[in-house]
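Take a look at the structure below.
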Amino acid sequence: MTVGVGGKTPEQALAGLASMTAGAEPIGLGEYQARIAKAQGLMREQGLAAIYLNAGSNLRYFTGVKWSPSERMVGAVLPANGPLAYIAPAFEEGTIRDFREVEGGLHTWQEHESPYRLLLDVLQGMGVAPGAVVGLCPSLAFFMFDGIRRLGSGCEFVDAARVIDPCRFHKSTAELALMQQAKDMTLEVHKAAASILREGISTLEVAEFIHQAHRKVGAPGSTFCIVLFGEASAFPHGVKHAQVLKDGDMVLIDTGCQLHGYQSDITRSYVFGTPSERQRTLWNAEKAAQQAAFEAARLGEPCQVVDAAARRSLEAAGLGPDYQLPGLPHRTGHGIGLDIHEGPYLVRGDKTPLAEGMCFSNEPMICVPGEFGIRLEDHFYMTAQGPRWFTQPSHSIDDPFGLV
C-alpha cells in the first residue's frame with residue numbers, strides 16, 4: 001500500500017488537524033497606498049487620466065473592498081493624480097464604507113438611475129476632459145462597457161490591464177507570506193485526505209471531508225475541490241458522476257483554500273494499493289516534467305520557456321507531442337494570488353519576462369484516456385536567485401508525502 005494512503009477514519013484524521021492561521025496578517029493600509037501610488041505612476045507614464053476598477057479582485061487589490069461583481073455597478077475610479085472615489089448603489093453605501101480600507105469619496109446611484117452616467121460625472125468632477133484616455137477594468141462586463149460607450153463622453157476607453165497587471169504580477173513580501181501559509185494549510189489537508197481512503201469510499205465523501213479539513217486548519221472552507229478515481233482522473237477538471245474507489249485506482253485530488261483573500265491550489269496523484277509498472281513509469285515522467293519546468297524558470301526568460309521545457313521532457317518519455325494524448329493537453333501553469341488563475345501564464349505565446357515576485361502553478365498533467373491521469377501541482381515564486389517552491393513536490397509514487 002502507498003505510504004500515507006488509508007489507515008485512518010475521518011474522525012481520526014480531523015482530530016490530527018488544528019488551526020494554522022496564527023500570525024497571518026491581512027494586507028495593511030500602507031500596502032494599499034503603495035499599490036495606488038504605483039498604479040498612478042504607471043498611468044502618468046502611459047498618458048491615462050484615470051482607471052475604473054470594477055467589483056472583484058482588482059477592486060479588492062487596490063482598495064480592500066471585497067465585493068463580487070454582479071449586474072449592479074460597484075467599483076472605484078482612480079485618477080492619475082489625487083484621491084480615488086467609489087461608485088455604488090445607494091442602498092449599499094453603509095456596507096461599502098465598512099469594507100473599504102482606503103478612504104475616498106462615495107458616489108451613489110438609485111435603482112432607476114444610470115451608474116454609467118454617474119461614472120462619467122465622477123470622471124468629469126476629477127477634471128478628466130473629453131478626449132482623455134481612461135482605462136476600464138479588464139473584468140468589466142461587456143454590457144457595462146457598452147452602456148458607458150453609448151453615453152458618448154468623448155473619452156478614449158482602453159484596457160486598464162496595462163496598469164493593473166504590472167502591479168498584480170509582482171507579489172510583495174506580505175502577499176507571499178499569506179500564500180505560503182494558505183498552501184501549507186492545503187498540503188496538510190491533502191495528507192489527511194489521503195489517510196482516510198478505503199476501498200468503496202466515494203469521491204463525494206472525500207470532497208466533503210476536504211471541506212471539513214480546510215475549516216479545521218482555519219480556512220473558511222475549500223475554495224474548490226476536485227476528487228477523481230481511476231479512469232475519471234484522465235479528465236483534468238473531472239466528470240459529472242461520482243466514483244467509488246477500487247484497489248489499483250489512480251487518485252487525483254486538486255483543492256485549495258484562501259487566507260485573507262490569497263489562494264492555495266495543490267494537486268496530488270497517487271495509487272490506492274500497489275502501483276502498476278505503467279502507473280509508476282508515467283508518474284515518474286510527470287515528476288520529471290514538473291522538475292524540468294521548475295529548472296527552466298529563470299529571471300528574464302519569457303514565461304513560455306517553462307511550458308516548452310515541460311513538453312520536451314514529456315516528449316522524451318514518449319508522450320505527446322504538443323497537446324496530443326497521451327500527454328499534456330493544457331498549459332503548464334498559471335499565475336496565482338487573489339485569483340486562483342491569473343496572469344501571467346506558463347504557456348506558449350506568453351512572452352512576459354519572468355521577474356521577482358511572480359507566482360505560478362507548475363502542473364504539466366499527463367492524461368491517458370481510458371486509463372488514468374496524473375497531475376502533480378505545486379507552486380513556485382521567483383526570487384533574485386531564481387524559482388523557489390512554496391511546497392515541496394511529491395516525493396515518490398510509493399511515498400507521495402515523503403513520510404518515510
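Which residues, counting only those in the stretch 239-277, are among the hydrophobic types (A, V, I, L, M, F, W, C) and more than 22 Å from the chain's Cα centre (by Cα)?
A242, V244, L245, M250, V251, V271, F272 - these are the residues of the stretch 239-277 that are among the hydrophobic types (A, V, I, L, M, F, W, C) and more than 22 Å from the chain's Cα centre (by Cα).
Between a first residue in the stretch 211-233 that is within 15 Å of D184 (Cα to Cα) and charged (D, E, K, R) and a second residue that is open to solvent by less than 30 Å² (accessible area, probe 1.4 Å) and part of a loop (DSSP other than H, G, I, E, B), which pairs have beta carbons less than 8 Å apart while being 6 or more apart in sequence or on different chains?
Note: pairs meeting the criteria are R215/G221; K216/L17.
Looking at (1) on the phi > 0 side of the Ramachandran plot; (2) among the small types (G, A, S); (3) modelled with pLDDT under 95, find the lone condition where S153 falls short.
In the conditions (1) on the phi > 0 side of the Ramachandran plot; (2) among the small types (G, A, S); (3) modelled with pLDDT under 95, S153 misses (1) alone.
Specify which of the listed residues (E295, E371, E363) is more than 22 Å from the chain's Cα centre (by Cα), within 26 Å of F401 (Cα to Cα) and open to solvent by 10 Å² or more (accessible area, probe 1.4 Å).
One residue alone meets the criteria, E371.
Starting from the stretch 335-363, keep only residues that are closer than 20 Å to S264 by Cα and without any contact (Cβ under 8 Å) to a residue 24 or more places away in the chain, then list their pairs with residues that are in a loop (DSSP other than H, G, I, E, B) and open to solvent by less than 30 Å² (accessible area, probe 1.4 Å) whose Cβ atoms are within a distance under 9 Å, requiring at least 6 positions of separation or different chains.
The qualifying pairs are H341/D265.
Being of a type outside the set (S, T, N, Q), open to solvent by less than 50 Å² (accessible area, probe 1.4 Å), touching a helix residue (DSSP H, G or I) at 6+ places or on another chain (Cβ under 7 Å) and at pLDDT 95 or above: is that true of A310 here?
Here the answer is yes, as A310 does meet what is asked.
Cβ-Cβ under 8 Å, sequence separation 6+ or interchain: first residue in the stretch 112-128 and over 20 Å from A55 (Cβ atoms) and open to solvent by less than 40 Å² (accessible area, probe 1.4 Å), partner aliphatic (A, V, I, L, M) and at pLDDT 95 or above. Which pairs?
That search, which allows pairs on different chains as well, returns V128/A49; V128/A50; V128/V134.
For the stretch 263-292, enumerate the residues that are surrounded by fewer than 21 Cβ atoms within 10 Å (Cβ to Cβ), β-branched (V, I, T) and either in contact (Cβ under 8 Å) with a residue 40 or more places away in the chain or at positive phi (or both).
T274
Scan the stretch 98-123 for residues that are within 27 Å of the chain's Cα centre (by Cα) and closer than 26 Å to V163 by Cβ and jot them down.
Selection gives F99, R100, E101, V102.
The values are calculated or read from the model by the stated rules, or taken from the named source; none is laboratory data. Keep in mind that what you see is a predicted model, and the values were worked out from it rather than measured. So basically every Cβ, Gly included, is an ideal-geometry build from the backbone, and we count neighbours across all protein chains shown. Accessible surface is based on the protein model in full, side chains and every heavy atom, while ligands, DNA and RNA are left aside. Shrake-Rupley method; radii C 1.70, N 1.55, O 1.52, S 1.80 Å.
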